[in-house]
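Peer 1: This is the structure I want to talk about, given as structure tokens.
The values are calculated or read from the model by the stated rules, or taken from the named source; none is laboratory data. Computed from a prediction, not measured in an experiment: that's the story for all the values here. Please note: Cβ atoms are built from the backbone with ideal geometry, for glycine as well, and neighbour counts cover all protein chains shown.
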Amino acid sequence: MGLTRNFLVTTVTILLAVNLTVNACPPSDRAALLAFRAALNEPYLGIFNTWSGTDCCTNWHGVSCDPETNRVADINLRGESEDPIFEKAGRSGYMTGSISPALCQLDRLTTLVVADWKDISGEIPACIASLPHLRILDLIGNKISGQIPADIGKLNRLTVLNLADNQISGSIPSSIVNLNSLMHLELSNNKLSGEIPSDIGKLSMMSRALLNRNQLTGSIPSSFANIYRLADLDLSMNRITGSIPAQLGAMPVLSTLNLDTNQLSGEIPYNLLSNSGLNILNLSRNSLGGNLPDVFGPKTYFTAIDLSYNNLRGSIPKSLSSAKYVGHLDLSHNHLCGEIPTGSPFDHLEGSSFADNDCLCGMPLRTC
């Protein structure tokens, strides 16, 4: 009887151990995560203290696995979040080190978020472009340098590419236009140079493109207008030249367009100001000339229009008074002349909105 009981206990123990092993992450995934951790130093919060034991699918901070395969699917490490670890410490995250190429061994990875750690440096491992299931790549808010991997376009499932607020240089890879699932592209506040790919309009699923605060040159690709879903386009604070493509004014979903602080010239396309869907328009600090198009009407609704610091001439269109709503209007530092129209929105604007023009008069400036 005793032998039978011992045999049963031993059998159950072995079965439990086998079951735990089956439900745990593969040793290769665990090894890749530990190599990733070894390349980083997080001195204050101890977020990697949970990365212990054989099963990286259970209670490893920021790691989750596919419930069917137990392969690592998501790495989600944000240095600024509402996680109890940060709330208890009363501080945001800080981390040094680099992103290890060992991550590329996690070939079932769908999400890689290593964001807002302030001091992670080094380059983006080129092999990241070989992760076939990657949908989200978010490395915002670090000190990552080097170039965007040339083969980034191989990630045909990628929906979010956020590399903003780093020190990435070089050009935008031409292969980026092959990311046919991409919805959000954020590359702002880096050191990117060269031209925007002319066929960027192939990114037909994209709703947000933020390329501001770089050193981009060349002209604005007219193919942006082919992106039907594009609602937010920010190319401000670059070195972009040429004129504003008139096609942008015909975009049906575009809500925010920021082109300020570039070297744009030519006239403002009339359909930019008559587009009833456009809500925020900033063309300030360029070399735009010509007259202000007289195209405003009852459907005009702008939260903000900033056309300051250009070479605009002529008078302020009286049709602006018929607009449904204009919250903020800045026409300062141009060469405008004549009487400022009366009524809304002019009755709530300050003199600074019209300052430093050639010969504007009327409220809120001097009497004509």
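Peer 1: Do we have Ser308 as closer than 22 Å to Gly362 by Cβ, modelled with pLDDT of 95 or more and either surrounded by fewer than 19 Cβ atoms within 10 Å (Cβ to Cβ) or in contact with a Leu (Cβ under 8 Å, 6 or more places away or on another chain) (or both) here?
Peer 2: Details: closer than 22 Å to Gly362 by Cβ: yes; modelled with pLDDT of 95 or more: yes; either surrounded by fewer than 19 Cβ atoms within 10 Å (Cβ to Cβ) or in contact with a Leu (Cβ under 8 Å, 6 or more places away or on another chain) (or both): yes.
Yes.
Peer 1: While we're on this one: For segment 280-295, does any single residue satisfy the condition of being within 26 Å of Met205 (Cβ to Cβ) and in contact with a helix residue (DSSP H, G or I) (Cβ under 7 Å, 6 or more places away or on another chain)? Outline the logic, then answer.
Peer 2: Restricting attention to segment 280-295, the residues satisfying the condition of being within 26 Å of Met205 (Cβ to Cβ) are 280-282.
From the residues that got through so far, the ones that are in contact with a helix residue (DSSP H, G or I) (Cβ under 7 Å, 6 or more places away or on another chain) too are 281.
Yes, that holds for at least one residue.
Peer 1: More than 30 Å from Tyr228 (Cβ to Cβ), modelled with pLDDT under 95 and either hydrophobic (A, V, I, L, M, F, W, C) or in a loop (DSSP other than H, G, I, E, B) (or both): is that true of Ser344 in this structure? Quick ask: steps written out before the conclusion?
Peer 2: Details: more than 30 Å from Tyr228 (Cβ to Cβ): yes; modelled with pLDDT under 95: yes; either hydrophobic (A, V, I, L, M, F, W, C) or in a loop (DSSP other than H, G, I, E, B) (or both): yes.
For Ser344, the condition - more than 30 Å from Tyr228 (Cβ to Cβ), modelled with pLDDT under 95 and either hydrophobic (A, V, I, L, M, F, W, C) or in a loop (DSSP other than H, G, I, E, B) (or both) - is met.
Peer 1: Turning to a different aspect of this structure: Any idea which of Ala129, Ala164 is of a type outside the set (Val, Ile, Thr) and closer than 30 Å to Thr241 by Cβ? It would help to see each step written out before you state the result.
Peer 2: On the way: Ala129 fails: closer than 30 Å to Thr241 by Cβ.
Of Ala129, Ala164, the one residue that is of a type outside the set (Val, Ile, Thr) and closer than 30 Å to Thr241 by Cβ is Ala164.
Peer 1: State all residues of segment 53-82 that are outside any strand (DSSP E or B) and either of a type in the set (A, V, I, L, M, F, W, C) or over 24 Å from Asp107 (Cβ atoms) (or both); if no residue qualifies, say none.
Peer 2: Filtering segment 53-82 down to residues outside any strand (DSSP E or B) leaves 53-62, 66-71, 79-82.
Answer for segment 53-82, where residues must be outside any strand (DSSP E or B) and either of a type in the set (A, V, I, L, M, F, W, C) or over 24 Å from Asp107 (Cβ atoms) (or both): Cys56, Cys57, Trp60, Gly79, Glu80, Ser81, Glu82.
Peer 1: Can Leu185 be described as part of a strand (DSSP E or B) and on the phi < 0 side of the Ramachandran plot?
Peer 2: Details: part of a strand (DSSP E or B): yes; on the phi < 0 side of the Ramachandran plot: yes.
Here the answer is yes, as Leu185 does meet what is asked.
Peer 1: Has segment 238-250 got at least one residue that is charged (D, E, K, R), surrounded by fewer than 17 Cβ atoms within 10 Å (Cβ to Cβ) and farther than 22 Å from Leu158 by Cα?
Peer 2: To start, the set of residues in segment 238-250 that are charged (D, E, K, R) comprises 239.
Cutting the leftovers down to surrounded by fewer than 17 Cβ atoms within 10 Å (Cβ to Cβ) gives us 239.
Adding the requirement that they be farther than 22 Å from Leu158 by Cα leaves 239.
Looking through segment 238-250, at least one residue is charged (D, E, K, R), surrounded by fewer than 17 Cβ atoms within 10 Å (Cβ to Cβ) and farther than 22 Å from Leu158 by Cα.
Peer 1: Just to be sure before I move on: is Ala31 at pLDDT 95 or above and in a strand (DSSP E or B) in the structure I sent?
Peer 2: no
Peer 1: Now, a different point. Does Leu40 satisfy being touching a Cys at 6+ places or on another chain (Cβ under 9 Å) and in contact (Cβ under 8 Å) with a residue 60 or more places away in the chain? Working first, answer last.
Peer 2: Values: touching a Cys at 6+ places or on another chain (Cβ under 9 Å): no; in contact (Cβ under 8 Å) with a residue 60 or more places away in the chain: yes.
Spelling it out, it is not the case that Leu40 is touching a Cys at 6+ places or on another chain (Cβ under 9 Å) and in contact (Cβ under 8 Å) with a residue 60 or more places away in the chain.
Peer 1: Keeping to segment 34-52, report how many residues are touching a His at 6+ places or on another chain (Cβ under 8 Å), part of a helix (DSSP H, G or I) and of a type outside the set (S, T, N, Q).
Peer 2: Here the count works out to 2.
Peer 1: Being charged (D, E, K, R) and on the phi > 0 side of the Ramachandran plot narrows it down to one residue among Asp74, Asp66, Asp165; which is it?
Peer 2: Asp165
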